[in-house]
Amino acid sequence: MAVDSINPSSPSCERDVEALQFIEEMTRNADSVQQKVLAQILTRNAQTEYLNRFELAGATDRRTFKAKVPMVTYDDLQPLIQRIANGDRSPILSAQPVSEFLTSSGTSAGERKLMPTIKEELDRRQLLYSLLMPVMNLHVKGLDQGKGLYFLFIKSETKTPGGLLARPVLTSYYKSDHFKNRPYDPYNVYTSPNEAILCPDSFQSMYTQMLCGLYEREQVLRVGAVFASGLLRAIRFLQLNWKQLANDIRTGSLSPKITDQGIRGCMSGISRPDPCLADFIEKECGKGEWDGIITRIWPNTRYLDVIVTGAMAQYIPTLDYYSRGLPKACTMYASSECYFGLNLNPMTTPSQVSYTIMPNMAYFEFLPHSTSGFAPGSPPKLVDLADVEVGKEYELVITTYAGLYRYRVGDILRVTGFHNSAPQFQFVRRKNALLSIDSDKTDEAELQSAVENASKLLSEFNTSVVEYTSYADTKHIPGHYVIYWELLAKDSANSPSNQVLAQCCLAMEESLNSVYRQCRVADNSIGPLEIRVVKSGTFEELMDYAISRGASINQYKVPRCVSFTPIMELLDSRVLSKHFSPSLPHWTPERRH
Ligand code: AMP
């Protein structure tokens with residue numbers, strides 16, 4: 001990346017030069033920055049209850065740290081985190097006061113994980129955000145000449161028993177002064193007013209953001225959301241609501257469905273009658289053909305700003321359909337625990353995307369990973385950021401300023417190269433995630449227990465589920481889980497009715513984790529779960545097929561999630577009946593325990 005390839009004469013470019021120089025500095029000195037970060041974290045938190053356990057005796061060097069502090073998972077920390085949530089203000093994990101909890105989309109015992117955070121982490125996240133446009137400006141010129149149509153949302157928040165807020169990291173960020181009072185920046189002008197982004201009602205928020213995006217359709221240079229699923233939900237929203245939106249634009253009014261006073265107030269300065277624009281929207285949306293709708297409505301869009309790596313890769317064909325193949329920029333890699341890094345080549349094709357972890361964000365270690373799992377025997381040796389090897393896969397392990405020490409994030413990354421001395425990683429997958437439509441992640445154990453719970457409804461019919469597999473169906477928006485069931489009915493005169501099987505769908509949904517149920521109930525980002533009953537013998541055929549393709553007969557395991565087209569075709573050709581969840585599962589923002 002050439003820092004001097006940009007024109008430093010305009011003020012915004014000066015800012016860009018500084019940001020790019022910062023990236024260069026951090027990545028050139030990755031190892032020494034990492035050493036400093038670790039020393040800083042350990043010095044500050046030396047007197048915490050957690051670190052005291054390991055008797056570091058003031059040591060802040062990597063060797064002592066690695067020798068004495070164990071690698072942990074969320075479940076190991078859960079009792080400590082629960083104490084903080086219950087109101088214990090003593091320095092348990094971090095010397096600085098815990099400012100709030102960030103609720104991760106990862107789950108533990110079916111509930112969102114709670115990540116304690118401290119105030120200054122907001123600055124660190126802000127710093128990473130501030131690097132994104134300077135990098136983008138190297139690849140796309142003139143982004144200060146228009147606006148970004150970004151569909152951004154807040155989600156519900158709760159209080160822990162001890163009175164701390166618990167909410168997703170983006171909700172925390174959008175509600176912060178860093179976001180709300182951000183200074184004017186010509187490269188970061190959004191069509192969505194803060195009032196719309198900050199409205200907790202997802203319909204009103206989306207409606208207003210879409211309306212503003214339509215009013216300013218000529219100015220829009222980039223269209224985005226955090227994840228691909230969010231952008232597709234916006235397109236679905238347009239398909240369902242374009243008549244009302246066009247009507248509002250024709251008359252310069254605002255639908256009575258929008259009752260939020262903040263939104264109504266700010267829209268009074270934006271709404272205006274524009275019959276030409278209303279005609280245009282009615283013409284384009286009224287065709288009933290949606291291919292290229294993004295480029296048709298927002299013709300100046302240069303790229304889509306959405307994450308399409310990891311689980312979101314399944315949405316690439318649909319995004320291409322709606323945008324006629326516009327480039328898709330995946331700009332950053334982040335989590336509730338820590339913001340990790342950014343993509344220094346954001347216009348690259350999704351399959352080639354690599355993220356450069358920024359060494360100043362936390363102390364990073366890497367657990368070597370092979371497809372057969374971790375080597376048995378001696379404890380695995382973690383590798384430092386600067387020492388990872390190109391081509392190898394690792395699980396990410398972090399030590400953060402907020403007080404996570406050698407914490408396994410659960411992401412598997414592959415090293416693709418280096419930028420200076422900082423490695424670049426392709427996101428391979430989330431460990432254990434089987435099914436994902438939006439921010440939900442369902443693992444094998446969760447699916448298994450959902451099937452078990454639902455199949456209890458079949459026992460009075462002397463029927464059992466002999467085999468099952470699953471599929472994330474994203475052909476329609478919102479996507480939904482499809483579960484294939486092969487049933488064994490011992491009493492054909494008394495087999496389960498369609499109604500019972502529909503109840504099984506709901507029972508499965510009730511058993512799935514709270515992120516799934518929130519997506520279903522509050523976000524409408526997942527559709528009703530479907531069970532497809534297949535003919536008896538189907539799973540044997542599936543095994544025969546796998547063996548014909550070289551699988552070992554002794555080691556064959558039924559895949560609990562499928563996506564390979566020939567297998568889908570085989571399964572679908574054996575379907576006897578299809579059933580859908582008849583209602584929404586139970587969900588409230590409050591945690592169950
Ligand atoms: P959350 O726990 O809700 O904060 O989600 C964080 C997780 O989302 C990460 O650990 C990754 O598994 C996934 N994620 C975040 N950014 C990306 C990205 N750019 N590409 C793929 N997966 C991502």
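The values are calculated or read from the model by the stated rules, or taken from the named source; none is laboratory data. Keep in mind it's a predicted model, so treat the numbers as computed, not measured. So basically every Cβ, Gly included, is an ideal-geometry build from the backbone, and we count neighbours across all protein chains shown. Side chains included, ligands, DNA and RNA excluded: accessible areas come from the protein's heavy atoms. Shrake-Rupley method; radii C 1.70, N 1.55, O 1.52, S 1.80 Å.
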Testing residue 442 on (1) of a type outside the set (Phe, Trp, Tyr); (2) touching a helix residue (DSSP H, G or I) at 6+ places or on another chain (Cβ under 8 Å); (3) not assigned by the TED database to the domain that holds residue 525, one condition comes back false. Which one is that?
(3)
Sort out which residues of the stretch 72-110 are in contact with a helix residue (DSSP H, G or I) (Cβ under 7 Å, 6 or more places away or on another chain), within 16 Å of the ligand (Cβ to nearest atom) and at pLDDT 95 or above, and write them in order of number.
100, 101, 102
Condition check: crowded, with 19+ Cβ neighbours inside 10 Å and touching a helix residue (DSSP H, G or I) at 6+ places or on another chain (Cβ under 9 Å). Does residue 316 satisfy that?
no
How about the stretch 546-581: which of its residues are open to solvent by less than 80 Å² (accessible area, probe 1.4 Å) and in a loop (DSSP other than H, G, I, E, B)?
550, 551, 552, 556, 558, 559, 560, 561, 562, 574, 581
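For residues in the stretch 422-439 being part of a loop (DSSP other than H, G, I, E, B) and open to solvent by 40 Å² or more (accessible area, probe 1.4 Å), which is farthest from the ligand (Cβ to nearest atom)?
Initial filter on the stretch 422-439 (part of a loop (DSSP other than H, G, I, E, B)): 431-432, 436-439.
If we keep only those that are open to solvent by 40 Å² or more (accessible area, probe 1.4 Å) too, we end up with 431-432.
On the way: 431: 9, 432: 11 Å.
Filtering first and then ranking leaves 432.
Just checking, which of 476, 480 is open to solvent by 20 Å² or more (accessible area, probe 1.4 Å), modelled with pLDDT of 95 or more and either in contact with a helix residue (DSSP H, G or I) (Cβ under 7 Å, 6 or more places away or on another chain) or more than 16 Å from the ligand (Cβ to nearest atom) (or both)?
Working: 476 fails: modelled with pLDDT of 95 or more.
Unique residue meeting the criteria: 480.
Condition (residue is within 26 Å of the chain's Cα centre (by Cα), at pLDDT 90 or above and among the polar types (S, T, N, Q)) applied to the stretch 547-560: is it met by at least one residue?
As a first pass, look at the stretch 547-560 and keep what is within 26 Å of the chain's Cα centre (by Cα): 559-560.
Okay, now just the ones that are also at pLDDT 90 or above, so 559-560.
From what's left, among the polar types (S, T, N, Q): none.
No.
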Name the residue that is farthest from the ligand (Cβ to nearest atom), counting only residues in the stretch 276-301 that are surrounded by 21 or more Cβ atoms within 10 Å (Cβ to Cβ) and part of a loop (DSSP other than H, G, I, E, B).
298
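Just a yes or no: is a residue in the stretch 181-191 acidic (Asp, Glu) and touching a residue at least 12 places away in the same chain (Cβ under 8 Å)?
First pass over the stretch 181-191, keeping only residues acidic (Asp, Glu): 185.
Adding the requirement that they be touching a residue at least 12 places away in the same chain (Cβ under 8 Å) leaves 185.
Yes: the stretch 181-191 contains one or more residues that are acidic (Asp, Glu) and touching a residue at least 12 places away in the same chain (Cβ under 8 Å).
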Can you tell me which residues in the stretch 100-122 are in contact (Cβ under 8 Å) with a residue 24 or more places away in the chain and either farther than 30 Å from residue 509 by Cα or surrounded by fewer than 16 Cβ atoms within 10 Å (Cβ to Cβ) (or both)?
109, 111, 117, 118, 120, 121, 122
Is it the case that some residue within the stretch 153-169 is under 21 Å from residue 242 (Cβ atoms), within 16 Å of the ligand (Cβ to nearest atom) and not assigned by the TED database to the domain that holds residue 15?
yes
Test each condition in (1) free of Cβ contacts under 8 Å to residues at least 40 places away in the same chain; (2) more than 16 Å from the ligand (Cβ to nearest atom) for residue 393 and report the one that comes out false.
(2)
Residues of the stretch 55-94 being more than 29 Å from residue 155 (Cβ to Cβ), touching a residue at least 60 places away in the same chain (Cβ under 8 Å) and open to solvent by 30 Å² or more (accessible area, probe 1.4 Å), in sequence order, are 62, 66, 70, 71
